[in-house]
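Reviewing the structure listed below.
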Amino acid sequence: MMLLLTVGSTETVQTNTQLVVRPYMVEAEPFDTPYADSLIDWDEQDRQNDCLWEFLQASGVELTLQTVIAAGDWTDALGGACEAIGED
């Protein structure tokens, strides 16, 4: 009968990590989007935004991102914010 005994050594490897953060400013260059812009009536969009603002002010709700999005969705379902406040 033969007995084999293995003895191993454990080595501890220590690594150090350093995070270096360097701020870097990049200016976005505007570019034209004629096709996408042609799909939206920007004057009507601005008018609806103004009507939504009036709707929110008249409602007296706290202006948070959630309430603005919910009010926008709700007035869109009614035909638009201007329709909801009787401007159409």
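Please treat every number below as a calculation from the coordinates, not as lab data. Note that the structure is predicted; figures quoted are calculated from it, not measured. All Cβ positions, even for glycine, are placed from backbone atoms using ideal geometry, and neighbour counts span all protein chains on display.
A few notes on this one:
- Residue match in the range 29-41 (condition: small (G, A, S) and loosely packed, with under 10 Cβ neighbours inside 10 Å): yes
- Filter result (within 15 Å of E87 (Cβ to Cβ) and not polar (S, T, N, Q)) within the range 19-70: D43, E44, D46, R47, D50, C51, L52, W53, E54, F55, L56, A58
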